[in-house]
1. Given the structure, is residue 349 among the acidic types (Asp, Glu), at pLDDT below 90 and under 27 Å from residue 168 (Cα atoms)?
2. Among (1) of a type in the set (Asp, Glu); (2) in contact with a strand residue (DSSP E or B) (Cβ under 9 Å, 6 or more places away or on another chain); (3) open to solvent by 10 Å² or more (accessible area, probe 1.4 Å), where does residue 135 come up short?
3. Are there any helices (runs of 4 or more DSSP H) wholly within segment 243-351 with 2 or more residues that are within 22 Å of residue 57 (Cβ to Cβ), and if so which?
4. For segment 241-251, which positions are under 19 Å from residue 301 (Cα atoms) and either among the hydrophobic types (A, V, I, L, M, F, W, C) or buried (at least 19 other Cβ atoms within 10 Å of the Cβ) (or both)?
5. Return yes when residue 327 is within 28 Å of residue 106 (Cα to Cα) and surrounded by fewer than 17 Cβ atoms within 10 Å (Cβ to Cβ) and no when it is not.
6. For segment 229-285, what are the residues that are on the phi > 0 side of the Ramachandran plot and of a type in the set (S, T, N, Q)?
7. Could you list, in sequence order, the residues of segment 200-219 that are modelled with pLDDT of 95 or more and either assigned to a loop (DSSP other than H, G, I, E, B) or β-branched (Val, Ile, Thr) (or both)?
8. Yes or no: residue 71 surrounded by 23 or more Cβ atoms within 10 Å (Cβ to Cβ) and more than 28 Å from residue 323 (Cβ to Cβ)?
Amino acid sequence: MRKRSSLLLVGSLSALMGLTACAAPEGSSPAPQTGDTDMLNVACSQQEDFCQAITAAFEEETGITTTYVRLGAGEVLARLDTTPGEFDVWSGGQAENHLLADDRGHVELHVSPNASELPAHYNDESGVWSGFYTDSVAFCSNQKELESLGLEAPTSWDDLLVPELAGSVAMPHPATAGVGYMAMFTVATLNDGDEEATIDYFTKLNANVMQYSKSAATGTEQAGRGEVAVAIAIDSDCEKAIKAGFADLVTSYPEEGTGYEVGAVSILSNAANKANAEKFFDWLLTPAAQGLYADVPSFAAPTHPEASIGPDVPRQDTVNQVDWDIRVAADSRSTYIDAFESRIASSNDAV
């Protein structure tokens with residue numbers, strides 16, 4: 001269901017940087033009503049409250065009526081195939097998914113004038129996407145549940161395989177939740193791209209999984225309620241759950257290395273409001289827009305070096321992150337998801 005943003009969800013943003021609307025790229029198709037409406041339709045793959053806040057803030061700043069639909073990255077890719085033109089811009093989700101959308105012809109290239117203010121690895125050189133937040137794959141554990149099992153918070157991927165955790169692990173489904181695939185690609189990277197070794201790991205892990213959830217946030221909440229002992233999650237989601245009242249949760253990381261997310265924005269083909277989509281894209285790269293992370297809070301780290309960072313945002317510079325090749329991650333996605341569904345989920349007694 002489409003949700004309408006509210007102007008009351010965020011405070012004044014009078015300090016926001018001025019907006020810079022870019023000219024339409026050369027060779028662009030005569031998309032309907034490009035820039036001559038006061039509307040913007042956003043596919044949002046971030047936390048619900050951040051989707052509300054970011055669209056409300058943009059609407060307040062520009063006067064452009066901004067609506068959004070909250071969808072996981074896999075769901076956005078599916079919707080782009082079935083209902084092209086439904087959205088003008090895709091906000092959030094791992095950058096590799098935006099590459100996949102471009103591979104399928106769903107992205108309009110756009111190099112923002114603000115992109116040069118970000119570290120180079122947060123931009124796609126050709127203009128498919130730019131990154132505006134980052135966080136890492138982590139283990140979000142319920143300390144009381146772990147204590148009842150005689151375990152400590154996991155610090156290795158292999159720690160999730162112990163028999164004491166049978167039926168006590170939550171993992172987001174790789175086909176619907178980007179974090180699920182990130183976990184698979186992380187293990188694949190740690191195994192030098194060995195597909196069989198990766199499938200073997202998740203086959204073993206399957207015995208301990210209570211449920212493959214539609215979204216990563218669901219698993220985090222299950223851990224918070226004590227329904228599972230450990231959830232494979234994003235560190236920012238775990239921190240958010242802790243601050244929301246799940247005080248028994250604790251975040252830990254696999255010492256051998258973990259994956260990380262570059263949360264991206266891209267402009268979608270056949271956008272009915274292309275000029276507004278470009279304004280939104282450019283605005284997300286400003287320190288003021290990214291500073292909203294501290295106000296919501298979302299607990300993800302901004303990519304702009306001058307953006308404010310909330311006091312409880314997990315430090316990304318202390319996490320041992322694997323060498324994350326976004327192009328390879330995009331190209332490998334269908335291989336690992338197909339293998340997961342045919343060889344693991346189909347034989348699994350978890351939901």
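The values are calculated or read from the model by the stated rules, or taken from the named source; none is laboratory data. In this text the structure is predicted, and so the values were computed from the model without any measurement. As a convention, Cβ positions derive from the backbone with ideal geometry for all residues, glycine included, and neighbour counts pool all protein chains shown. Side chains are part of the model used for accessible areas, which takes the heavy atoms of the whole protein and leaves out ligands, DNA and RNA. Shrake-Rupley method; radii C 1.70, N 1.55, O 1.52, S 1.80 Å.
1. Yes.
2. (3)
3. Answer list for segment 243-351: 274-284, 287-290, 292-295.
4. Passing the criteria: 241, 242, 244, 250, 251.
5. For residue 327, the condition - within 28 Å of residue 106 (Cα to Cα) and surrounded by fewer than 17 Cβ atoms within 10 Å (Cβ to Cβ) - is met.
6. 270, the sole residue that qualifies.
7. 203, 208, 209 - these are the residues of segment 200-219 that are modelled with pLDDT of 95 or more and either assigned to a loop (DSSP other than H, G, I, E, B) or β-branched (Val, Ile, Thr) (or both).
8. no
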